[in-house]
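J.: Here it is, the structure, as structure tokens.
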Amino acid sequence: MASDSLQGSLELLILKTLEAGPNHGFGITIHIDSVSGGLLRVEEGSLYPALHRLQKDGLLSAAWEVTPNGRRARYYSLTAAGRKKLARAVEGWASLSKGVNRLLRFA
Amino acid sequence: MSDERDEIRRELDAHLEMRAEQLREQGVANADEEARRRFGNKAKAYEATRQVHVREWVESVGQDLLYAWRSFRRTPGFTLAAVATMALGIGAATSVFSVVDRILFRPLAYAQEERLVWLGMLAPIAGDIEFALAPDYDDWRRKQTVFEEFTAMRGGFDCDLMLNEPLRVRCARVEWNFLPTVGLAARLGRNLNADDDRPGAPPVALISSGLWSRRFGGSATALGQKIDVDGQPVEVVGVLPAGFELPTMSNADILLTNQIDYSQQVRGTSTMILRAYARLKPGVSLAQAQAAFEPLFADALTYVPERFRKEVKFRMYSLRDRQVRDTRTAPLMLLGAVLAVFLIACANVANLLLARAAGRQREIAIRRAIGAGRARILRQMVTESLLLCFAGCALGLWLASGLLQLFVYLAPAGIPRLAEATLDGRVLGMSFAISLFAGLVFGAVPVLQGPRVSSPRRVWLRPALVAGQIAISVVLLTGAGLLTQSLYRMQSVPLGFAPDNLVAANITLSRGRYPERERRLEFFRSLERNLAGIPGVTGVALADSIPPAGGTFAMIYSNINVEGRAGGAREGTGGMVPHRFVTPGYFATMGIPILRGRGFNEDDRRQPDSVIVLGERLAKMLFGSDDPLEKVVRTGSRREVVIGVAADVRNEGIKTSISPEYYELHNAGGAWPANYSYVLLRAPADAGVSERLLRTEIQRLDSRISVEPEAVRQRVAKLTAQPKFQASLLSLFAALGVLLAAVGLYAGISYLVIQRTREIGVRMALGATKGDVAAMVLRQAGRWTVVGIALGVAGAIALSRFVETLLFGVPARDPVTLALVALLLAAVALVAAWVPARRAMAVDPMEAIRHE
């Protein structure tokens with residue numbers, strides 16, 4: 001788990017964002033940006049490959065819908081498998097950060 | 001996939017627009033630009049996103065392949081049958097395609113060949129080949145406006161090349177601009193030029209690549225060498241490109257200059273025959289050129305003697321059309337035959353796949369139940385059939401390379417460009433394309449047919465496939481039957497002479513060393529004497545030509561007149577009468593009976609111009625039932641007494657009817673004997689012994705003469721070599737087709753019996769006898785067969801006119817052949833259906849009903 005955690009962190013952020021409800025790629029960017037208080041900035045170019053990979057793996061489903069502004073956008077939502085994966089990923093992240101924190105304190 | 005690409009693009013665009021909108025609301029100037037800047041490299045993001053899907057697709061194809069492989073391993077019998085059948089079909093088709101491609105489809109080895117034309121006069125005096133008289137050609141080339149280049153040649157002829165040892169090769173004389181006209185250049189050295197072509201210029205030659213590498217070791221030192229061609233020293237100035245051939249589709253080892261003095265070529269008197277070829281100017285169509293030549297042709301016609309004009313026509317063709325006109329039928333027929341075999345093979349594979357699909361319905365139902373879409377199932381099926389077809393293709397190509405070698409080995413000389421046939425990229429591409437096509441169709445058919453077992457379409461499709469196979473087999477067998485019969489008839493045509501124990505050699509005396517008639521006469525006399533003196537030799541003769549291959553001199557029939565009989569000039573030529581110059585021993589040596597009077601004797605040789613022997617047919621044409629002996633006949637300017645009548649012989653090959661002919665003495669006429677002659681030797685010995693004897697005796701007199709003796713029996717066999725080749729190939733394909741069709745019928749009926757086992761059991765339980773059951777199965781097979789045979793007979797009749805020109809002595813719609821073919825196929829079908837019928841009879845009703 002730990003080895004792909006850093007790369008997996010974007011996926012974790014996506015899954016977590018979508019836990020709140022279906023959203024499109026741009027919406028996910030805004031959400032992560034605002035919730036993290038600007039600390040985490042999603043590299044937009046790598047967002048979409050990640051979304052499509054998650055969808056292909058069956059963690060997300062996607063559908064074209066109309067935004068409140070009347071624009072057509074592709075909305076992603078969590079599947080059951082996605083929720084499970086999110087739960088495991090949160091756990092994994094917690095243990096990883098716990099480990100890192102301990103190491104930092106010890107040093 | 002294209003949907004996906006589009007979708008990703010739209011998704012990224014939506015992102016950029018939303019960002020821009022957000023930025024605009026925040027009051028950022030150049031919002032669009034800023035949005036793009038923040039996003040980074042859009043193309044890269046797009047590519048990365050798309051890769052996600054490509055990888056998925058590749059992975060799933062891998063799955064399909066693995067799945068297909070497993071399923072083939074489970075059914076090795078099916079797999080082997082399907083692959084072997086495809087391999088047979090593709091192998092046969094590929095090998096034949098590689099042979100006929102060069103003749104039928106591939107561009108000629110000339111640059112921009114589509115602009116090359118062949119033009120000339122068609123007249124009885126030169127058979128069915130267009131020619132141009134030298135003064136006409138000279139006139140046309142000066143007046144024409146439609147050609148970029150205009151050239152002429154004097155056709156290919158045998159010549160003697162002296163290089164350490166005498167060698168007989170093919171020569172042609174051409175105008176200096178011949179190579180530029182056909183768009184070629186010497187690969188080494190230089191082309192001919194106008195100076196070389198001036199009458200009296202020192203003779204130069206271009207030699208073929210083959211001769212260059214065989215005899216000069218492919219060395220540049222060949223250039224500038226003097227070679228001895230027919231006794232004349234000729235300087236080699238260049239080497240022809242590899243694969244060079246004359247527009248007549250024959251090879252040439254040496255190209256010499258024409259060196260015609262056109263000022264001496266006068267219309268109305270010159271009879272020098274040329275072949276004329278030209279290159280159209282860019283943008284000029286053939287029709288335009290033909291129109292432009294109308295007045296020139298009309299003018300040339302006025303120089304033709306008036307009574308012959310009706311029989312003379314002028315023609316202009318595209319070179320390619322003219323070339324393939326005479327050689328097209330046989331290759332097209334062979335190509336049609338292998339395509340037919342290929343179709344039969346395809347039908348078998350389709351049948352196999354249908355049966356397999358029927359057996360896999362459960363498996364497919366399960367796959368669909370666990371979420372595989374129709375498209376995915378279709379892809380799986382297509383993957384499997386493509387795999388089968390490509391495996392068949394690979395095996396087929398291997399088979400094709402073997403078959404190709406077999407063809408080249410079996411093929412007689414004279415099939416143009418056969419030796420160059422290879423399985424090159426073009427041919428491989430064709431095989432690949434047909435395998436791909438077959439794979440896609442086969443894969444799609446069972447799926448599109450739907451999953452229902454008892455769908456009426458399925459019941460209809462399999463019998464249609466079987467009937468189609470039988471129909472195609474009928475067509476193939478009919479063709480093979482017709483060709484085989486014509487071959488037999490050709491071989492049993494009475495030739496009019498006895499070809500066994502007879503050898504012949506055509507020799508040429510060098511003009512340089514035998515310039516005068518007396519020298520040639522002396523040579524031929526000595527040769528005759530020496531040969532006749534050998535113990536065991538029973539006949540020796542010389543003749544300027546020998547039957548049955550044509551190549552004789554010919555006299556216009558209306559120029560042959562019986563003295564003292566009114567008649568004068570008749571209308572038209574009346575056709576051509578071949579004649580030959582022979583020594584007294586000719587009739588006995590050839591085994592041609594003298595029907596009346598006598599043949600030539602030694603006394604006649606002292607007054608050679610005074611006697612003539614008529615062929616039976618000519619005697620009848622000239623004298624009817626009157627006695628021709630002692631009558632005086634004028635042939636052209638000669639006046640000769642008829643001393644005998646000889647039986648007719650086949651002169652112009654086997655397929656043409658017997659023509660009238662006459663004989664004169666070998667030393668008759670001012671120019672005779674010419675510097676060439678056939679030497680005939682009859683001896684009751686092995687042909688090899690006689691051939692060696694002939695060569696030794698000739699070279700004892702002059703070691704620089706090349707001698708290539710040949711048994712006359714072999715010469716005769718050559719005439720039927722091509723029909724034999726065609727008949728054997730077509731028979732091979734027909735046999736293959738029938739075999740495959742029989743297998744198809746057998747498999748079809750077997751499948752039917754298995755499907756209906758339960759029903760058969762019920763019927764038997766209800767009192768049907770074994771006979772009834774067998775009859776039921778055979779009736780089913782019979783219905784398919786009858787439909788197939790009927791269709792096949794109709795098809796054979798419809799196609800008959802295409803093979804008409806290949807046939808001899810048998811009508812293209814020969815009812816006997818058709819009836820025999822139909823019977824044969826019915827018998828084959830009966831055998832193929834009998835095995836499953838017996839299996840049906842052996843059904844145990846109790847077991848069949850309990851089953852399942």
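J.: Can you confirm whether A:Ala50 is under 15 Å from B:Glu11 (Cα atoms), surrounded by 14 or more Cβ atoms within 10 Å (Cβ to Cβ) and touching a Lys or Arg at 6+ places or on another chain (Cβ under 6 Å)? Walk me through it before giving the result.
T.: On the way: under 15 Å from B:Glu11 (Cα atoms): yes; surrounded by 14 or more Cβ atoms within 10 Å (Cβ to Cβ): yes; touching a Lys or Arg at 6+ places or on another chain (Cβ under 6 Å): no.
Criteria not met by A:Ala50.
J.: If you don't mind, another one. Give me a count of the residues in the range B:18-31 that are crowded, with 18+ Cβ neighbours inside 10 Å and either among the acidic types (Asp, Glu) or within 7 Å of chain A (Cβ to nearest Cβ) (or both).
T.: Number satisfying all stated conditions: 2.
J.: Mind checking whether some residue in the range B:496-516 is within 19 Å of B:Phe725 (Cα to Cα), at pLDDT below 90 and not in a helix (DSSP H, G or I)? Quick ask: steps written out before the conclusion?
T.: Keep residues of the range B:496-516 that are within 19 Å of B:Phe725 (Cα to Cα), which gives none.
There is no residue in the range B:496-516 that is within 19 Å of B:Phe725 (Cα to Cα), at pLDDT below 90 and not in a helix (DSSP H, G or I).
J.: Among the residues of the range B:292-320, which ones are among the acidic types (Asp, Glu) and modelled with pLDDT of 85 or more? Talk me through it step by step, then tell me what you get.
T.: Quick first cut of the range B:292-320, residues among the acidic types (Asp, Glu) only: B:294, B:299, B:306, B:311.
Hits for the range B:292-320 are B:Glu294, B:Asp299.
J.: Related question: Considering only residues that are small (Gly, Ala, Ser) and in a helix (DSSP H, G or I), look in the range A:28-56 and name the one that is farthest from the other protein chains (Cβ to nearest Cβ).
T.: Here is the first cut: in the range A:28-56, the residues small (Gly, Ala, Ser) are A:34, A:36-38, A:45-46, A:50.
Now drop any that are not in a helix (DSSP H, G or I), which leaves A:34, A:45-46, A:50.
On the way: A:Ser34: 12, A:Gly45: 4, A:Ser46: 7, A:Ala50: 9 Å.
Residue satisfying both the conditions and the ranking: A:Ser34.
J.: Could you figure out which of (1) surrounded by fewer than 16 Cβ atoms within 10 Å (Cβ to Cβ); (2) assigned to a helix (DSSP H, G or I) isn't true of B:Pro811?
T.: (2)
J.: With the requirement that a residue be of a type in the set (Ser, Thr, Tyr) and crowded, with 17+ Cβ neighbours inside 10 Å, what does the range B:385-408 give you?
T.: Passing the criteria: only B:Ser385.
J.: From the set of residues in the range B:500-512 that are surrounded by fewer than 19 Cβ atoms within 10 Å (Cβ to Cβ) and not basic (Lys, Arg), which is farthest from B:Val821 (Cα to Cα)? It would help to see each step written out before you state the result.
T.: We begin by selecting, within the range B:500-512, every residue surrounded by fewer than 19 Cβ atoms within 10 Å (Cβ to Cβ); these are B:500, B:511-512.
Now drop any that are not not basic (Lys, Arg), which leaves B:500, B:512.
Numbers: B:Asp500: 36, B:Gly512: 62 Å.
Among those that are surrounded by fewer than 19 Cβ atoms within 10 Å (Cβ to Cβ) and not basic (Lys, Arg), it is B:Gly512.
J.: When you go through (1) more than 19 Å from B:Phe497 (Cβ to Cβ); (2) crowded, with 18+ Cβ neighbours inside 10 Å; (3) aliphatic (A, V, I, L, M) one by one for B:Met621, which number turns out not to apply?
T.: (2)
J.: Residue by residue through the range B:472-495, note down the ones that are assigned to a loop (DSSP other than H, G, I, E, B) and closer than 30 Å to B:Tyr676 by Cβ. Full working, then the answer.
T.: Narrowing the range B:472-495 to residues assigned to a loop (DSSP other than H, G, I, E, B): B:492-495.
Listed by number, the residues that qualify are B:Val493, B:Pro494, B:Leu495.
J.: Any residue at all in the range A:19-27 that is surrounded by fewer than 14 Cβ atoms within 10 Å (Cβ to Cβ), over 25 Å from B:Lys42 (Cβ atoms) and within 14 Å of another protein chain (Cβ to nearest Cβ)?
T.: Among the residues of the range A:19-27, not one is surrounded by fewer than 14 Cβ atoms within 10 Å (Cβ to Cβ), over 25 Å from B:Lys42 (Cβ atoms) and within 14 Å of another protein chain (Cβ to nearest Cβ), which makes the answer no.
J.: Pull up the range B:37-68, narrow it to residues that are touching a residue at least 12 places away in the same chain (Cβ under 8 Å) and away from chain A (no Cβ under 14 Å), then point me to the one that is nearest to B:Arg5 (Cα to Cα).
T.: Among those that are touching a residue at least 12 places away in the same chain (Cβ under 8 Å) and away from chain A (no Cβ under 14 Å), it is B:Val61.
J.: Which residues, counting only those in the range B:640-679, are out of contact with any helix residue (DSSP H, G or I) (no Cβ under 8 Å at 6 or more places or on another chain), surrounded by fewer than 20 Cβ atoms within 10 Å (Cβ to Cβ) and modelled with pLDDT under 90?
T.: The answer is B:Thr656, B:Ser657, B:Tyr676.
J.: While we're on this one: Examine the range B:595-609 for a residue that is part of a helix (DSSP H, G or I), touching a strand residue (DSSP E or B) at 6+ places or on another chain (Cβ under 8 Å) and modelled with pLDDT of 90 or more, and state whether such a residue exists.
T.: Within the range B:595-609, the first condition is being part of a helix (DSSP H, G or I), and the residues that meet it are B:602-606, B:608-609.
So of that shortlist, the ones also touching a strand residue (DSSP E or B) at 6+ places or on another chain (Cβ under 8 Å) come out as B:604-605, B:608-609.
Subset that is modelled with pLDDT of 90 or more: none.
No, that holds for no residue.
J.: For the range B:136-250, list the strands (runs of 3 or more DSSP E) that sit wholly inside it and hold at least 3 residues that are of a type outside the set (Val, Ile, Thr), in contact with a helix residue (DSSP H, G or I) (Cβ under 8 Å, 6 or more places away or on another chain) and surrounded by 16 or more Cβ atoms within 10 Å (Cβ to Cβ); which are they? Reasoning before the result, please.
T.: Numbers: elements: B:147-163, B:165-174, B:204-207, B:226-229, B:232-239.
Output list reads B:147-163.
J.: May I ask you to verify whether B:Ser71 is away from chain A (no Cβ under 14 Å), surrounded by fewer than 18 Cβ atoms within 10 Å (Cβ to Cβ) and among the hydroxyl-bearing types (Ser, Thr, Tyr)? So that I can check it myself, show each step before the final result.
T.: Numbers: away from chain A (no Cβ under 14 Å): yes; surrounded by fewer than 18 Cβ atoms within 10 Å (Cβ to Cβ): yes; among the hydroxyl-bearing types (Ser, Thr, Tyr): yes.
In short, yes.
J.: Which of the residues spanning the range A:57-86 are assigned to a strand (DSSP E or B), within 9 Å of another protein chain (Cβ to nearest Cβ) and charged (D, E, K, R)?
T.: Passing the criteria: A:Arg72, A:Arg74.
J.: Further question: Hey, could you check the range B:593-618 for residues that are within 12 Å of B:Glu664 (Cβ to Cβ) and β-branched (Val, Ile, Thr) and say which is surrounded by the most Cβ atoms within 10 Å (Cβ to Cβ)?
T.: Filtering first and then ranking leaves B:Val613.
J.: Tell me which residues, restricted to the range B:680-714, are farther than 21 Å from B:Thr508 by Cα, among the charged types (D, E, K, R) and over 33 Å from the mean Cα position of the chain (by Cα).
T.: B:Asp686 - this is the single residue of the range B:680-714 that is farther than 21 Å from B:Thr508 by Cα, among the charged types (D, E, K, R) and over 33 Å from the mean Cα position of the chain (by Cα).
J.: Quick one: in the range B:5-17, which of the residues that are at the interface with chain A (Cβ under 9 Å from one of its Cβ atoms) and among the charged types (D, E, K, R) is surrounded by the most Cβ atoms within 10 Å (Cβ to Cβ)? Don't jump to the end; show me each part of the working.
T.: Restricting attention to the range B:5-17, the residues satisfying the condition of being at the interface with chain A (Cβ under 9 Å from one of its Cβ atoms) are B:7-8, B:10-12, B:14-17.
Right, trim to among the charged types (D, E, K, R) and you get B:7, B:10-11, B:17.
Details: B:Glu7: 16, B:Arg10: 14, B:Glu11: 22, B:Glu17: 18.
Here the answer is B:Glu11.
J.: Here's another thing I want to ask about it. Looking only at the range B:814-834, decide whether some residue is acidic (Asp, Glu) and surrounded by fewer than 16 Cβ atoms within 10 Å (Cβ to Cβ). Give the steps one after another, and end with the answer.
T.: So the first thing to find is which residues in the range B:814-834 are acidic (Asp, Glu), and the list is B:814.
After this cut, where a residue has to be surrounded by fewer than 16 Cβ atoms within 10 Å (Cβ to Cβ) as well, the list is none.
There is no residue in the range B:814-834 that is acidic (Asp, Glu) and surrounded by fewer than 16 Cβ atoms within 10 Å (Cβ to Cβ).
J.: Among the residues of the range B:429-436, are any surrounded by 13 or more Cβ atoms within 10 Å (Cβ to Cβ), small (Gly, Ala, Ser) and modelled with pLDDT of 70 or more? Lay out the reasoning, then the answer.
T.: Taking the range B:429-436 as the starting set, the residues that turn out to be surrounded by 13 or more Cβ atoms within 10 Å (Cβ to Cβ) are B:430-432, B:434-436.
So of that shortlist, the ones also small (Gly, Ala, Ser) come out as B:431, B:435.
In the following step, the residues that additionally are modelled with pLDDT of 70 or more were identified as B:431, B:435.
Looking for residues that are surrounded by 13 or more Cβ atoms within 10 Å (Cβ to Cβ), small (Gly, Ala, Ser) and modelled with pLDDT of 70 or more, one finds at least one in the range B:429-436, hence yes.
J.: Residue check, B:Val707 against (1) assigned to a loop (DSSP other than H, G, I, E, B); (2) at pLDDT 85 or above; (3) in contact with an Asp or Glu (Cβ under 7 Å, 6 or more places away or on another chain), all met but one. Which one?
T.: B:Val707 satisfies all of (1) assigned to a loop (DSSP other than H, G, I, E, B); (2) at pLDDT 85 or above; (3) in contact with an Asp or Glu (Cβ under 7 Å, 6 or more places away or on another chain) except (3).
J.: Let me ask something else about it. Identify the single condition in (1) closer than 27 Å to B:Val324 by Cα; (2) outside any helix (DSSP H, G or I) that B:Ala92 does not satisfy, given that it satisfies every other one.
T.: (2) is the only condition that B:Ala92 fails.
The values are calculated or read from the model by the stated rules, or taken from the named source; none is laboratory data. Just so we're clear, the structure is a prediction, and the values are computed from it rather than from any experiment. Neighbour counts run over all protein chains shown; Cβ positions are idealised from the backbone, glycine included.
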